[in-house]
Amino acid sequence: MAAAQPNRLPRGGRIDRSRPLAFSFDGKALEGFAGDTLASALLAGGVSVLGRSFKLRRPRGIVGSGAEEPNAIMQIGEGATAQPNPPATQVPLHDGLTARSTRGWPGVRFDLGAVNGALGRMLGAGFYYKTFMWPRSWWKHYEHAIRKSAGFGRVPEGPDPDRYEHMNAHCDVLVAGGGPAGLMAALVAARSGARVILADEQNEFGGSLLASGARIDAAPASDWAAAAVVELRETQDCVLLPSSTVFGYHDHNFLTIAERCGPQGRGVRERLWRVRAKQVVLAQGSLERPLVFCNNDRPGVMLASAVSTYIQRYGVLPGRRAVVFTNNDSAYQAAINLAVAGAEVAAIVDSRAGGGGELAAGAQSLGIPVLKGHVVSDVAGRRRVAGARIARWEGRSWGTVKSTTRIDCDLVAVSGGWSPAVHLHSQAGGQLAWDPSKLCFLPAKARQANVSAGAGNGKWRLGECLADGLRAGVEALSEAGLKTAAVRAPDASADAEEKMIEPLWRVPAAKDADRCPMQFIDLQNDTTVADIRLAAREGYRNVEHVKRYTALGFGTDQGKLGNINGMAVLADTLGKPIADVGTTTFRPAYTPVSFGVCAGESTGPLYDPVRTSAIHEWHEAAGAPMETVGQWHRPWYFPQDGEDIQAAVARECLAVRNSLGVMDASTLGKIDARGPDALEFLERIYTHDVARMKVGRCAYGMMLGEDGMVMDDGVMARTAERGFYLTTTTGGAAAVLEWMEKWLQTEWPELEVYLTSLTDHYSTIAVAGPNSRKLLEKLGCDTPLDRERFAFMAMKPAVLAGMRVALFRVSFSGELAFEINIDSRHALDMWRTLMEAGKEFCITPYGTETMHVLRAEKGFIIAGQDTDGSVTPVDLGMKWLLSKEKDFLGKRSLERPDCLRDDRKQWVGLLAGDGRTVLPEGTQLVGDSGEAAPMCGHVTSSYFSACLGHPIALALVAGGRRRRGETIYAALPGRKPLPAQIVPPVFYDPKGKRQHV
Amino acid sequence: MLLIECPWCGPRAETEFSYGGEAGIFRPADPHALSDAEWADYLFYRSNPRGTHRELWNHAQGCRRWFGVERDTVSYRIKRTYCLSGASGGQPDGSAGGLEAGSGKRR
Amino acid sequence: MSESAPPAGIAIRVRSARGFINLRLNPRNRQALEAAERVLGQQAPLSANTFTGGEHNLYWLGPDEWLIATGAQRASELARELAEALKDFHAAVNDVSGGNVELLVSGANASMVLAKGCPLDLHPRAFAPGQCAQTGLGRAAVLLAAVDPSTYAIVVRRSFARYLRRWLENADSAGVPFRAAGKRQQAGYRSSP
Ligand SMILES: [Zn+2]
């Protein structure tokens, strides 16, 4: 095993050495242990180059140990379950894991693109804007090349077979981050009886304590963490979420957490927690900053804290001979850890003339040389650090260094200080304040109910951090109005005395800043010091603009390492304080979130609700293809014996015109309106004179928006003096009811009207055709159905075939027709009864397509198809529907000058000149056949009419009504414009005799 | 996602509600007495303030009541929600009803 | 999927032979309210988000709206009686038996399965037996009622019932983040009263 893991320490770490796990990287077989991340296992296996940089193709290795990792971006798995772009530092190792480098086509070791490295100078800030925007027509070539050679991970092949889900949760206190401060806050909240959720992105709670040698309450810090977790786990109303990243802080204390549930392919792969928290404690710790010097991107340059983490937590030694470079005390701990683990620490290079505090003394006692007042100005080596060039630090970032000495090493551990992870605080709208002594932005005034704690609040030292967690927990409890249990902060082993950090934003080089070897700020985007200076020279002053010009902070890591250094360099270049430059806006997500977890279970058949009528099972059994109308699935047509849609629809249409058809119209919206003021209310809502309707009469009703445009339509019936039964379009049902309630409740509360939806209670069956009356009579109806006693547009309650129904003599086909409204529980029975009794009339079920053809032949509109929110009833030629005797919603708008224009688009019929082309709906219409003719309208409905033997179309045409008889042209793709004649919009039975028989 | 306090049902997730635009836009008593400009003002123009905005919301997935909300358009903080009319008192003592006439008294 | 999680183990069943009536009246009209209550033989809940049991279940839907759930046989007759009793008042009585389906969801993990698609706080302190709410479940609007600590009644529009049942079965089959048994943590989602 040792051969497979050359950098694995013989002992130590929180890994299970009894459980070796096989994995592969770019096809090479490797081995790690349970408890490893992919990153720690790769380091253990001696893999130092993990990819090529995005733009410059430079070899890159692991830099960090967590969410901040910019380089080790992986493609995990194969095929449909592949996961693009997680950082290796956040992928728990599992047996059989396959990982690939996402960058460096065709391979990490052999990289054609590396040639670009030599051209790097030309690929400066704004390169994309300057180069690829011109000439525009070349972009497709650029894009192809860039995507192929640059790109991050590859999109999985095929639909993701894994499962994702959402979970809503509520709590008193959500604690984001399970390090010392977060655990402390969670403990006090839990002991106080609060409902607590504690989430941490690591698979184990404890944060920095897991890689720390400190002691809490006289025991190892990790033991204290473990005990805290046990206590929390056993506390009622306390939910622990490991491997869970709080990635979004939204309005009103709504937070989103992505939980990685386990290796893919088992149960739920990821879960999205949607949490409404009364209070939030933000304890996400802090991120170490790298230092900016020449070639600081070489594999082997790592964060000092990451070096410590790999040694302490994973038992991995990332280098054999190290140089530690710092401007603060924390990196001394890494040096000590390296030395204790058996590495040689060639030197600690500390920019501070006075060097470090107590930890420095500890390092020196181990015999580690410390170079005070020095910096690393450059590193040697290409695929791996081979040495560091040391120069004297004069305290000035710009200028040049005179002479350097080289120290051979394979690891440079760097620390440029610490930045609290203020992302969530900022997402929540909180302010930040620059701390000139700690050299970082600290969370300031919060805008939502949140409090920051621990290292994320600038409390680096363990004792302070625990106490701050306790304080934050108590504050959150009191803000939530909960009593606080008496809890004391545990005793932490005394933190070493520290010396203050000193600013070191950029190390000068042998040449000036624009000519020296590259000094990287943002490793993932290859943004350098020179790029930021160039942006400033070109006039960019605002940090948000510089970000977009240089791509600083745009990667999957969102600039967790580079942003502060970038702002400091910009501030320096502009001669402004850092506080004045400020930060860019933090937005969700804190770390990348998969599409899978965003979608949750709303995929496939659960993507959107499918609503079905009470007769649906019959339609399914009949093999009807379904049409989606809103959320409804409606039978589209009923094919027989392998008919295609044209044949089926032609047969269905002729059956209705010649004998008898039956359609499920249950999806129509239905509303019961009743009350003393129902009539007055509906007079205001509908355009026609409702008061003229006697009880038992129906009317076609139209509703306009207050802007005069057609909103919805449908048959409405007066069922009682004070009661009406209204129908709406299928898609408009919910919106119409809500809109009516709005007028009732907000504008006319004095009107006493109750509206109740009956859409689901009643099913509607349309029986249409010359034999429809005969069919109902045959079934036995307790009310006479003849023309005199049951006239067109009448409505009666009845008993039909022994079932209670409401019968409407209305027609949407132009034929003699009845609509049967029946309790949905009996609808299928009624349908079957009709089908059985109708056999002698060759009863033919028809779907939505036939319904459309029949109504189009008659010139009946479909709101939402022939109208689009810009069409008035006058445009439709339905002025007859507008009452002259009353006001109604939208009436005044019809007098607006724009509505009176005589060149408005008006609804007309259209016949294709060739007599056989069914013009596609949406076809643009032009005034003449020339190449650049102006558009004058479009086709709204278009079908082949079997009954007439030719296609028919309905269209909105500018000034159409007075242009009847004129020929215009349909612009068809790939064809010459087709002439079409404008005709009246009623093609069949224009006098309307058939429905009155 | 906002947490909106329905005056009738209590605090509920934003997904249960639908938005109804600015509150206090009264329908003119006699639209036909208005000039085109006055009618357009009623129809199209809204205050769109930076800061407190009075707006209408409907508890669409809940009690179907429309109500008023005072929301800060910068911070999204909701200062208060209120019933629009006393037409339907939810409590026998009327304590939850008849709070405020939100609009439309002039007809 | 090579291996699937154990299901949450909830029971989902349709309550058959149920009838429903939608009732609208202003409860400040005491005479109307009392007339209705006389027919119903029980009080209508006036507190938001509650329901009362008895011969019928009366769910508060809004300040002037209730849903009466009762036996299917009884519903149409009851609707007629109510309409008759309320004919002199401003009220609306609609038999909506054909428009609704009642599901019963029960089991130790019931609230956690519902929480996958319901934005309400279902903690027993926030949503105790006797409480009801119109809310969303999955992408459907529902009336959700807490019957006892591990049983919920869901009334959904008939056209959404197929979808909702499928949604519930799917949510159940995905299991729960932590099991009810052996872990007191569970109480965060389900009461130990
Ligand atoms: Zn409500």
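Where a number appears in this text, it was derived from the coordinates with a stated rule and is not lab data. This one's a predicted model, so the numbers in the text were calculated from it and none came from an experiment. All Cβ positions, glycine included, derive from the backbone under ideal geometry; neighbour counts span all protein chains shown.
What does the convex hull of the alpha-carbon atoms of the range A:899-974 project to on average, in nm²? Intermediate values should be presented prior to the final figure.
Numbers: hull surface 21.7 nm².
For the range A:899-974, averaging the hull's shadow over all directions gives 5.4 nm².
Roughly how many nanometres apart are two label points built 7 Å out from the Cα toward the Cβ at A:D902 and A:A720?
The two pseudo-label positions are separated by 5.1 nm.
Taking Cα atoms, how many degrees apart are the long axis of helix A:330-340 and the longest axis of chain A, rounded to 10 and kept between 0 and 90?
70 degrees
Quick one: if you take sqrt(5λ) for each eigenvalue of the C-alpha gyration tensor of the range A:193-295, what semi-axes come out, biggest first, whole angstrom?
24, 22, 16
Of all the C-alpha pairs in the range A:824-872, what % are more than 19 Å from each other? Kindly include the intermediate steps, with their values, before the conclusion.
Details: 612 of 1176 pairs.
For the range A:824-872, the share of Cα pairs beyond 19 Å comes to 52 percent.
So for C:F89, A:F152, B:F44, fewest C-beta neighbours within 10 Å to most, what's the order? Each step should come with its number before you reach the end.
Working: C:F89 14, A:F152 17, B:F44 8.
With the sparsest Cβ surroundings first, the list reads B:F44, C:F89, A:F152.
Sequence gap at least 6, Cα distance under 8 Å: using those rules, report the relative contact order of chain A to the nearest whole percent.
After rounding, I find 9 percent.
First select every other residue whose beta carbon is under 15 angstrom from the beta carbon of A:L900; then total the charges, Lys and Arg +1, Asp and Glu -1.
+2
Taking only the alpha-carbon atoms of the range C:17-58, what semi-axes of the equivalent ellipsoid follow from 5 times the gyration tensor eigenvalues under a square root, in whole Å, largest first? Kindly include the intermediate steps, with their values, before the conclusion.
On the way: eigenvalues 60, 30, 20 Å².
The equivalent ellipsoid of the range C:17-58 has semi-axes of 17, 12, 10 Å.
What are the ³J(HN,Hα) values, in whole Hz, obtained from phi via the Karplus relation 6.51 cos²θ - 1.76 cosθ + 1.60 with θ = phi - 60°, for each residue of the range C:88-103 in sequence order, with x given for Gly and Pro?
Whole-Hz 3J(HN,Hα) from phi for the range C:88-103: 9, 10, 6, 7, 9, 10, 10, 6, 10, 4, x, x, 9, 10, 10, 10.
Work out the P(r) tail for the range A:353-466: percent of alpha carbon pairs separated by more than 21 Å, whole number.
Working: 3715 of 6441 pairs.
Counting every Cα pair in the range A:353-466, those more than 21 Å apart make up 58 percent.
Restricting to bridges with both residues inside chain A, how much of the DSSP beta-bridge set is antiparallel, in percent to the nearest 5?
Details: 130 of 179 bridges.
Just about 75 percent of them are antiparallel.
Beyond 28 Å between alpha-carbons counts as too far, so tell me which of A:K278/A:K576; A:K499/A:K560; A:K402/A:K438 fall in that bin. Walk me through the numbers on the way to the answer.
Details: A:K278/A:K576 40 Å; A:K499/A:K560 25 Å; A:K402/A:K438 30 Å.
Distance filter (> 28 Å) returns A:K278/A:K576; A:K402/A:K438.
Considering just Cα atoms, how many Å³ per residue does the convex hull of the range A:503-581 enclose? If you can, show how the numbers build up before the last one.
On the way: hull volume 6.8 nm³, N = 79.
Normalising the Cα hull of the range A:503-581 by residue number yields 86 Å³.
Partner chain Cβ atoms within 10 Å, averaged over the residues of C:85-91 - can you pull that number for me? It would help to have the intermediate numbers written out before the result.
Details: counts 0, 0, 0, 0, 0, 8, 4.
Neighbouring Cβ atoms belonging to other protein chains average 2 per residue here.
Over the range A:647-799, what per residue volume does the convex hull of the Cα atoms give, in whole Å³?
Values: hull volume 20.4 nm³, N = 153.
Expressed per residue, the convex hull around the Cα atoms of the range A:647-799 is 133 Å³.
For chain A, take the longest principal axis of its alpha carbons; what is the angle in degrees between that and the long axis of helix A:462-479, to the nearest 10 within 0 to 90?
That works out to roughly 30 degrees.
Based solely on its DSSP helices, what 222 nm [θ] is calculated for chain A when runs of n ≥ 4 H residues each add -39,500 (n - 2.57) and the sum is averaged over all residues, nearest 500 deg cm²/dmol?
Values: 23 runs with 213 residues, N = 997.
Helix-only estimate at 222 nm: -6000 deg cm²/dmol.
How big is the range A:669-757 along each principal axis, measuring the range of its Cα positions in Å and listing the largest first?
Largest first, the range A:669-757 extends 29, 27, 23 Å along its Cα principal axes.
Ranked highest first by the average count of other Cβ atoms within 10 Å around their residues, in what order do A:804-817, A:524-537 fall?
Details: A:804-817: 22.5, A:524-537: 24.3.
Those peptides, ordered most packed to least, come out A:524-537, A:804-817.
Would you kindly state how much longer the chain becomes between A:S493 and A:V799 on full extension, computed as 0.36 nm times their sequence separation minus their alpha carbon distance, in nm to one decimal?
Working: separation 306, 0.36 × 306 = 110.16 nm, distance 8.80 nm.
Contour length minus Cα-Cα distance gives 101.4 nm.
In whole Å, largest first, what are the principal axis extents of the Cα atoms in the range C:17-98?
33, 28, 20
How compact is the range A:726-881 by the rule of thumb for globular proteins, expressed as Cα Rg over 2.2 N^0.38 Å?
1.19
With r as the distance between the Cβ atoms of C:S173 and A:D868 and R0 = 30 Å, compute the FRET efficiency 1/(1 + (r/R0)^6) and round to 0.05. Intermediate results must be reported in sequence, preceding the final value.
Working: r = 42 Å, r/R0 = 1.41.
Efficiency for this residue pair is about 0.10.
Seen from all sides and averaged, what is the projected area of the convex hull of the Cα atoms in chain C, in nm²?
Working: hull surface 46.1 nm².
Over every viewing direction, the Cα hull of chain C projects on average to 11.5 nm².
So what J values fall out for the range A:965-981 if you push phi through Karplus, 6.51 cos²θ - 1.76 cosθ + 1.60 with θ = phi - 60°, rounded to Hz, Gly and Pro as x?
Result, ordered by residue: x, 6, 9, 10, 10, 9, 7, 10, x, x, 9, 5, x, 9, x, 8, 9 Hz.
Pulled fully out, how much extra length does the chain show between A:S18 and A:K576, if you take 0.36 nm times their separation in residues and subtract their Cα-Cα distance?
On the way: separation 558, 0.36 × 558 = 200.88 nm, distance 5.60 nm.
Full-extension gain reported as 195.3 nm.
How much length, in nm to one decimal, is gained on full extension between C:Q31 and C:A128, taken as 0.36 nm per residue of separation minus their Cα-Cα distance?
Details: separation 97, 0.36 × 97 = 34.92 nm, distance 3.11 nm.
Contour length minus Cα-Cα distance gives 31.8 nm.
Mind checking the angle between helix C:72-85 and chain C's longest principal axis? C-alpha axes, 0 to 90 degrees, to the nearest 10.
Rounded to the nearest ten degrees, it is 40.
Can you give me the relative contact order of the range A:503-581 as a percent, contacts being Cα pairs under 8 Å and 6 or more apart? Kindly include the intermediate steps, with their values, before the conclusion.
Details: 92 pairs, mean separation 22.8, N = 79.
Across the range A:503-581, relative contact order equals 29 percent.
When N is the residue count of chain A, what does its C-alpha Rg come to as a fraction of 2.2 N^0.38 Å?
Working: Rg = 37.3 Å, N = 997, 2.2 N^0.38 = 30.3 Å.
Expressed relative to 2.2 N^0.38 Å, the Cα Rg reads 1.23.
One-quarter of the Cα convex hull surface for the range A:290-414, in nm²?
Working: hull surface 27.4 nm².
Answer in nm², one decimal: 6.9.
Any of A:K547/C:K116; A:K796/A:K839; B:K79/C:K87; A:K774/A:K905 with alpha carbons more than 31 Å apart? Name them for me. Please list the in-between numbers first.
Working: A:K547/C:K116 39 Å; A:K796/A:K839 26 Å; B:K79/C:K87 42 Å; A:K774/A:K905 43 Å.
Long pairs (Cα-Cα over 31 Å): A:K547/C:K116; B:K79/C:K87; A:K774/A:K905.
First measure r as the distance between the Cβ atoms of A:D914 and A:L948, then evaluate 1/(1 + (r/R0)^6) with R0 = 22 Å and state the FRET efficiency to the nearest 0.05. Intermediate results must be reported in sequence, preceding the final value.
Numbers: r = 15 Å, r/R0 = 0.69.
Result of the calculation: an efficiency of 0.90.
Which values of log₁₀ I(q)/I(0), to two decimal places, follow from the Debye formula for the range A:328-369 at q = 0.34 Å⁻¹ with a uniform point scatterer at every Cα?
Cα-only, vacuum Debye calculation for the range A:328-369: -1.39.
Can you give me the Rg/Rh ratio for the range C:100-172, using Cα atoms for both radii and the Kirkwood formula for Rh?
On the way: Rg = 10.9 Å, Rh = 11.9 Å.
That ratio equals 0.92.
Simple spin-label model, 7 Å along Cα-to-Cβ: A:R447 to B:A37 in nm?
Distance between label points: 3.8 nm.
log₁₀ I(q)/I(0) of the range C:66-107 at q = 0.13, 0.17, 0.20 Å⁻¹, via Debye over equal Cα point scatterers, no solvent, to two decimals?
Here the Debye-derived log intensity ratios amount to -0.34, -0.53, -0.67.
Rounded to two decimals, what ratio of Rg to Rh does the range B:3-83 give with C-alpha atoms and a Kirkwood Rh? Kindly include the intermediate steps, with their values, before the conclusion.
Numbers: Rg = 14.7 Å, Rh = 13.9 Å.
Reported Rg/Rh, Kirkwood definition of Rh: 1.06.
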